[in-house]
Amino acid sequence: MSFPYPSGYAPTPGGYAPTPGGYAPAPGGYAPAPGGYAPAPGYPPSGGMPQPAPAPPGLPYAAQPYPSAANYPPGNAFPGQGGMPMPDQSSGYPSAYPAYPSGGGAPYPPGDNSSYPPGANPPYSQGGMPYPSGANTSYPPGGGTPYPTGDFNPSAPAGSTAYPPQIGGSNTVAGGSPYPASGSTQNSGSPYPASSSAPYPTSNQPGSSTMSSGYPTAASSSTKSSTPPVKPQPTNSSATSAYSSQLKDGNLTSYYECAKKPGDSGLVKPLTSGFDPEADATQLKNCLKSSFLNETVIVNILPHRSNAQRQKIRLMYKTMYGKDLLQDLQDRLTGDFESVTVGLLMKPAEYDAYLIHRAIQGLGTDEDVLVEILCTRTNAQIQELGHQYRELYKATIEQHMQGDTSGHFMRMLISLSNGARQEDQGVNAQKAEDDAKKLYKAGAARLGTDESTFNSVFVSQSFEQLRAVFAAYQRLYKKDMEKVIKSEMSGDLEKGMKAIVRFTLDKHSYFANVLYKAMKGIGTDEKSLIRTLVSRSEIDLEQINRSFSNIKGESKPLSHWIKKETSGPFRDMLIHIIGGGH
């Protein structure tokens with residue numbers, strides 16, 4: 001680098017020695033100027049090292065090296081402007097991008113240094129089709145595509161589908177498809193029947209007015225598609241006949257009436273005059289929406305109406321307010337008062353199904369509830385509660401019991417849940433004696449017990465015939481059947497068999513003892529108290545009430561025990577139930 005004027009101090013190796021006050025300006029040099037001179041072309045910036053010229057466009061560093069001078073290292077040893085060492089430029093900078101090979105129309109161009117296949121043999125066709133063709137491809141040519149042609153592929157030639165055609169339909173070719181045609185003719189060689197012979201009932205297909213579907217109609221299915229299939233509950237002709245004749249069209253009164261025997265009478269009866277479901281629904285709504293819940297309104301209505309009338313109130317409530325009365329009551333009530341109110345408002349079969357489900361699916365299994373309900377209900381009642389159970393819980397009683405019970409006790413419950421007792425069977429004295437001998441051989445006459453024989457007799461015979469069997473056993477072997485059960489069995493099976501014996505001999509005494517045990521001793525079994533009073537309220541609660549006073553060693557009436565063992569609105573509701581509500 002040169003100065004603009006040839007005069008001035010000559011360069012000296014190692015520089016000039018320091019001089020106090022500095023050197024005087026050399027002849028020909030610049031005169032001192034306040035603030036210094038403005039930069040002149042070629043001069044290095046004042047106060048710093050000489051800088052490289054600006055970098056040409058496209059290059060990250062200046063094209064020229066730093067200037068060399070005495071005692072300074074070579075220019076390429078100076079750091080770059082950003083603090084990073086400068087790269088070695090002896091071989092030049094690399095190209096900005098690697099050179100791509102030339103192409104021939106394929107999506108990946110060929111080239112001598114390319115890892116891609118040459119353009120003449122592209123792996124994908126140039127026509128833009130999603131499935132390539134060509135000699136070097138692993139895909140079949142377009143004419144041999146594995147996808148079928150036919151009515152659903154308008155661009156494919158007819159007859160080239162990989163699937164055989166079906167019979168029936170204007171655009172099909174005879175060939176023997178394994179799938180049935182939509183008509184009534186079965187395809188030749190097909191393992192599937194035509195829809196007319198399918199095991200499923202026909203129904204209208206979506207968008208079709210003809211009965212052409214091989215699937216059941218929506219109305220015939222009670223479960224959602226995500227629910228596992230439910231095995232139908234077994235039935236027999238007598239049970240089905242009783243169910244259809246006694247509970248036709250879901251008659252609510254019949255559920256109670258079919259359990260009545262001559263002379264039976266409930267204590268809750270229909271309100272014969274002045275029944276107004278709209279007025280009752282309005283009173284209950286006003287009661288439930290009030291910040292202060294007056295339980296007396298509920299007590300004065302529900303036990304004063306029959307179950308059939310309560311269902312009308314429930315329907316009117318939903319019609320007027322768009323809400324379920326049962327749900328609203330559950331939201332506001334608690335404890336035992338809620339339990340008895342829910343029991344009164346449910347349909348009787350719905351309530352029995354609810355009790356069984358709670359007994360099975362609750363914390364532990366309540367065998368007493370299962371025994372009481374299944375041992376004391378008629379065939380028609382068991383059939384109806386089984387139907388309600390499937391509707392509510394998407395499974396049969398049998399399916400749920402198999403997971404919570406076992407052994408001979410489970411088999412007894414499954415037998416009872418069929419609802420197939422021979423109720424129309426007349427009393428046959430000879431058969432009763434033969435069955436008594438069978439029971440003796442299965443128990444007292446051998447080591448161990450053949451529980452299956454006891455099950456077959458106790459569950460299949462009518463209650464009238466069973467009484468004859470028990471009487472015959474007493475006459476032949478001088479031992480009553482309850483003692484036989486106690487000596488031959490144990491645990492839950494003993495409970496179940498004893499329940500059948502006691503109910504067979506005297507059903508009113510059986511339920512009176514259930515109530516007595518629920519209140520006797522320390523504490524009260526409110527669940528048994530509620531279950532018995534609600535379920536028998538319109539069947540034979542009057543006779544059960546009388547039998548309660550005849551229990552050995554008990555002279556106080558049922559009402560006395562209820563007042564003594566319960567309190568508050570719960571007590572009031574129970575008293576109204578056994579008082580008939582009138």
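The values are calculated or read from the model by the stated rules, or taken from the named source; none is laboratory data. Since this is a predicted model, take the numbers as computed values, not measurements. We place every Cβ from the backbone using ideal geometry, glycine too, and count neighbours over all the protein chains shown. Note: areas computed on protein heavy atoms with side chains; ligands, DNA, RNA excluded. Shrake-Rupley method; radii C 1.70, N 1.55, O 1.52, S 1.80 Å.
Between LYS394 and ASP434, the contour length at 0.36 nm per residue exceeds the Cα-Cα span by 10.2 nm.
Taking a straight line from the alpha carbon of LYS285, these aspartates and glutamates sit under 13 Å away, with near neighbours fewer than eight places off in the same chain left out: GLU295, ASP324, ASP328, ASP331. Among the protein heavy atoms, those of THR365 account for about 30 Å² of accessible surface (1.4 Å probe, every chain in place).
Counted by Cβ distance under 11 Å from PRO569, the other residues give a net charge of -3, where Lys and Arg count +1 and Asp and Glu count -1. Between SER406 and GLU494, full extension at 0.36 nm per residue minus the direct alpha carbon distance yields a gain of 30.3 nm.
Separation of region 428-457 and region 493-525, taken as the distance between their Cα centroids, equals 24 angstrom.
Greater than 19 Å separation of Cα atoms is the criterion. Which listed pairs, LYS261/LYS507; LYS261/LYS478; LYS437/LYS483; LYS347/LYS564, meet it? Display every interim value, and only then the final one.
On the way: LYS261/LYS507 10 Å; LYS261/LYS478 30 Å; LYS437/LYS483 16 Å; LYS347/LYS564 30 Å.
Beyond 19 Å between Cα atoms: LYS261/LYS478; LYS347/LYS564.
So if I take the centroid of the Cα atoms in region 346-401 and the same for region 463-481, what is the distance between those two points in Å? Taking the Cα centre of each part, region 346-401 and region 463-481 sit 30 Å apart.
Evaluate 2.2 N^0.38 Å with N set to the residue count of region 324-414, then give the Cα radius of gyration divided by it.
Details: Rg = 13.8 Å, N = 91, 2.2 N^0.38 = 12.2 Å.
Rg over 2.2 N^0.38 Å, computed on Cα atoms: 1.13.
Roughly how many percent of the accessible protein surface of region 314-408 is carbon and sulfur, given a 1.4 Å probe and a whole-percent answer? Display every interim value, and only then the final one.
Numbers: 1650 of 3620 Å².
Its accessible area is 46 percent carbon and sulfur atoms.
Under a model in which nothing but the beta-carbon of Lys, Arg (+1) and Asp, Glu (-1) is charged, region 418-554 shows a dipole of about 460 debye around its Cα centre. Across region 534-542, computed HN-Hα scalar couplings (Karplus, 6.51 cos²θ - 1.76 cosθ + 1.60, θ = phi - 60°) run 5, 6, 9, 4, 10, 10, 8, 5, 5 Hz from first to last residue, x flagging Gly and Pro.
Calculate, for GLN422 and ASN286, the FRET efficiency according to 1/(1 + (r/R0)^6) with r their C-beta to C-beta distance and R0 60 Å; round to the nearest 0.05.
In this case the efficiency is close to 0.70.
Note on SER549 and LYS323: with the Förster distance fixed at 60 Å, the Cβ-Cβ geometry gives a FRET efficiency of about 0.90.
Taking the highest mean first, how do the peptides 498-505, 521-528 order by number of other beta carbon atoms within 10 angstrom per residue?
On the way: 498-505: 20.0, 521-528: 13.6.
Output ranking for 498-505, 521-528: 498-505, 521-528.
Which FRET efficiency value, to the nearest 0.05, is calculated for THR296 and THR272 with the Förster distance at 35 angstrom and r the Cβ-Cβ distance?
Numbers: r = 23 Å, r/R0 = 0.65.
Rounded to the nearest 0.05, the efficiency is 0.95.
Close amide H partners of SER306, meaning residues 5 or more places away or on another chain with modelled amide H under 5 Å apart, are LEU271.
Once you have the Cα-Cα distance between THR334 and ARG475, take 0.36 nm times their residue separation minus that, and quote the gain in nm to one decimal.
That pair, THR334 and ARG475, stretches by 45.5 nm at full extension.
Here region 506-582 has 48 percent of its accessible surface on carbon and sulfur atoms, given a 1.4 Å probe and all protein chains in place.
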